[in-house]
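First up is the structure itself, then whatever we jot down about it.
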Amino acid sequence: MNNTEGTIKSSKMETTIKGHKVTLHFADEPNPDVAVQVKQVLLSTCLLAADCRTADKSSNTSKFQ
């Protein structure tokens, strides 16, 4: 981080999602490549979860029902 005062400046956010502690750290400057990577991971995870639910429902042994 670019710091001229000699103090540490941290931009982070902590939250809990489904019982798991999640900490997000933010950079001083935006990075569009990282934004695209995060979007792709979130969409992939969502699609994978949807596929798993569909497969589980068809076999009638789902934990998600």
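On the basis of the beta-carbon distance and an R0 of 22 Å, Glu14 and Ala35 show a calculated FRET efficiency of 0.60. Using the average count of surrounding beta-carbon atoms within 10 Å as a protection proxy, the listed peptides 38-49, 12-23 rank, highest first, as 38-49, 12-23.
Computed from the C-beta positions of Leu48 and Leu24 and an R0 of 22 Å, the FRET efficiency is 0.50 to the nearest 0.05.
None of the figures in this text is laboratory data; all of them are computed from the coordinates on show. Predicted, not measured: the structure shown is a model, and the values here were computed from it. Neighbour counts are summed over all protein chains in view; Cβ atoms, including those assigned to glycine, are modelled from backbone coordinates with ideal geometry.
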